Amino acid sequence: MGKAAPARSPNKADSSHNKYRRKQAHDSLEESNAIAEEIFLEIHRLTVKDILPDSSAGDYRKIRVVVGNPKTGNITYTPPEPETVPLLTRSLLELLNSAEALDLMPAVQAGIAHYEIARIHPFLDGNGRTARALSTLILTKRGFDTKKFFALEEYYNEDRQAYYSALADADAKGGELTGWLEYFLFGIAVEISRVEKTVKKLSNDRSMKKNWADRIEQPSDKSCRIP
């Protein structure tokens with residue numbers, strides 16, 4: 001068995017380059033009918049392009065990893081053994097494509113997928129980015145289109161500890177997802193509210209500019225008139 005490798009902790013905020021990679025992955029895979037294993041691996045390959053070696057991009061990890069603080073060496077979670085990863089991932093994808101899953105709210109499906117990818121930790125790196133990209137794809141494919149308006153990264157990055165605590169709470173309860181799903185769904189609500197405020201502000205700004213433009217175009221009563 002290979003030596004355990006620490007899973008890299010994500011940065012506080014994803015770079016715009018990484019967000020662009022995720023959008024590329026999402027747009028290129030959006031038209032597929034089912035979330036097949038090939039699609040899932042392609043999501044990872046595209047999101048970690050230029051970050052991981054080509055041999056690791058879109059390929060399941062083959063060594064043990066641990067999740068924790070690389071500075072202190074504190075281990076917070078030990079993902080499943082590498083030899084179980086392909087089967088666990090395929091079982092998850094089968095569940096996501098099942099009639100039972102399709103009966104659930106799209107946001108609930110996306111929340112389950114996000115948690116399970118974080119739990120399985122299928123790759124050496126990029127698991128968080130892949131989980132977020134997969135969640136967004138599920139929302140879109142199930143009729144809850146968010147990709148043009150917001151991304152959940154902003155919600156997660158505002159309080160990374162709350163994000164990790166919600167995942168850890170589900171782990172501690174043996175995969176009982178009520179707390180995690182409440183956190184995940186609240187995040188969607190927060191981002192929708194943020195978008196609504198932004199759209200309202202843009203609408204008000206546009207109305208204000210139009211009013212000023214109308215005033216400028218209208219002739220003043222005091223304007224000089226040549227008989």
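Please verify whether the range 130-141 includes one or more residues that are charged (D, E, K, R), out of contact with any strand residue (DSSP E or B) (no Cβ under 8 Å at 6 or more places or on another chain) and over 29 Å from Gly68 (Cα atoms). Within the range 130-141 (the criterion being charged (D, E, K, R), out of contact with any strand residue (DSSP E or B) (no Cβ under 8 Å at 6 or more places or on another chain) and over 29 Å from Gly68 (Cα atoms)), the answer is yes, since at least one residue qualifies.
Put simply, of Glu38, Glu42 the only residue that is modelled with pLDDT of 90 or more and in contact with a Leu (Cβ under 7 Å, 6 or more places away or on another chain) is Glu42. A count restricted to the range 149-204 and to residues that are of a type in the set (A, V, I, L, M), surrounded by 15 or more Cβ atoms within 10 Å (Cβ to Cβ) and free of Cβ contacts under 8 Å to residues at least 24 places away in the same chain stands at 1. Per the listing Pro80, Pro70, the residue uniquely of a type outside the set (A, V, I, L, M), closer than 19 Å to Asp171 by Cα and surrounded by fewer than 18 Cβ atoms within 10 Å (Cβ to Cβ) is Pro80.
Among the residues of the range 151-175, those identified as modelled with pLDDT of 90 or more and not in a helix (DSSP H, G or I) are Lys173, Gly174, Gly175. Of the residues in the range 75-82, at least one is modelled with pLDDT of 95 or more, closer than 15 Å to Phe123 by Cβ and part of a helix (DSSP H, G or I).
The values are calculated or read from the model by the stated rules, or taken from the named source; none is laboratory data. Quick caveat: nothing in here was measured; it's all calculated off a predicted structure. Counting neighbours? That spans all protein chains shown, and the Cβs are built from the backbone with ideal geometry, glycine included.
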